[in-house]
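Notes to accompany the following structure.
FYI, it's all coordinate maths here, none of it is from the lab. In this text, all values refer to a predicted model and were calculated from it rather than measured experimentally. Note that we place each Cβ from the backbone using ideal geometry, even for glycine, and neighbour counts take in every protein chain shown.
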Amino acid sequence: MENTVIKKIGVGITGSFCTHDKILNEIEKLISKGYEVLPIITDAVKNTDTRFGTAKDFINKLEKITANKVVDNIVKAEPIGPKNLIDILLIAPCTGNTLSKLANAITDNAVLMTAKAHVRNNKPLVVGISSNDNLGLNFNNLAKLLNSKNVYFVPFGQDDPTNKPKSLICNWNLIEETLLSAMNKVQLQPLFLK
């Protein structure tokens with residue numbers, strides 16, 4: 001699809017570290033199609049080294065790909081909403097922890113601060129879930145957000161129903177299509193994938 005409506009996308013990245021390479025690939029695709037991307041990260045992303053790589057290396061890659069400094073704290077995130085610095089916000093990967101805080105109006109990091117102000121501005125928020133608990137204790141938060149105004153989801157499904165029966169993950173290839181649909185206030189369908 002041609003980029004006719006969206007110019008600047010905020011991308012909030014949370015701690016589903018095993019999917020960080022996937023979001024970097026999707027950001028590169030978005031940039032190659034002419035979108036500008038403002039990267040926003042949680043404290044976990046900023047400070048946690050894992051078997052998937054170091055926080056410093058990930059941030060360096062993110063800043064190099066986007067040609068923007070990461071927004072990595074609440075103070076830096078606070079002006080994004082009032083100054084209307086982005087057209088749409090994507091949180092991907094969105095962990096169960098972030099999903100539950102979002103559903104319950106908890107604002108304790110840069111991604112959640114951006115989301116709060118963005119939705120307050122009546123702009124679309126797109127969630128790309130990646131959590132081992134979305135069909136477990138976190139299901140009520142997923143249901144709450146599915147019924148929230150201006151919140152849209154990248155279509156998702158179970159990534160390993162046998163070994164992780166409560167896990168859900170978004171279809172990374174549908175991010176751009178979901179963003180474009182959300183700008184028109186429409187949830188991309190089908191939402192639930194096999």
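Side notes on the structure shown:
- Selection status of K166, touching a Ser or Thr at 6+ places or on another chain (Cβ under 9 Å), charged (D, E, K, R) and either in a helix (DSSP H, G or I) or surrounded by fewer than 19 Cβ atoms within 10 Å (Cβ to Cβ) (or both): yes
- When residues of segment 124-145 are limited to those that are part of a strand (DSSP E or B) and small (G, A, S), the one farthest from the chain's Cα centre (by Cα): S131
- Going through (1) exposed (fewer than 14 other Cβ atoms within 10 Å of the Cβ); (2) touching a residue at least 40 places away in the same chain (Cβ under 8 Å); (3) β-branched (V, I, T) one by one, T98 falls short only on (1).
- Unmet criterion (only one of (1) crowded, with 21+ Cβ neighbours inside 10 Å; (2) over 17 Å from the mean Cα position of the chain (by Cα)) for K83: (1)
- Restricting A55, A92 to residues that are within 22 Å of W172 (Cβ to Cβ), surrounded by 13 or more Cβ atoms within 10 Å (Cβ to Cβ) and without any contact (Cβ under 8 Å) to a residue 12 or more places away in the chain narrows the list to A55.
- The lone exception for F156 - which of (1) closer than 21 Å to K22 by Cα; (2) surrounded by fewer than 15 Cβ atoms within 10 Å (Cβ to Cβ) it fails: (2)
- Pairs, first closer than 15 Å to K76 by Cβ in segment 103-120, second assigned to a loop (DSSP other than H, G, I, E, B) and among the aromatic types (F, W, Y), C-beta under 9 Å, six or more apart: none
- Within segment 4-26, considering residues that are in a loop (DSSP other than H, G, I, E, B) and surrounded by fewer than 14 Cβ atoms within 10 Å (Cβ to Cβ), the one farthest from the chain's Cα centre (by Cα): T4
- In segment 131-152, the residues that are on the phi > 0 side of the Ramachandran plot reach residues that are assigned to a loop (DSSP other than H, G, I, E, B) with C-beta atoms within less than 6 angstrom, at least six apart or across chains, in these pairs: N150/P124.
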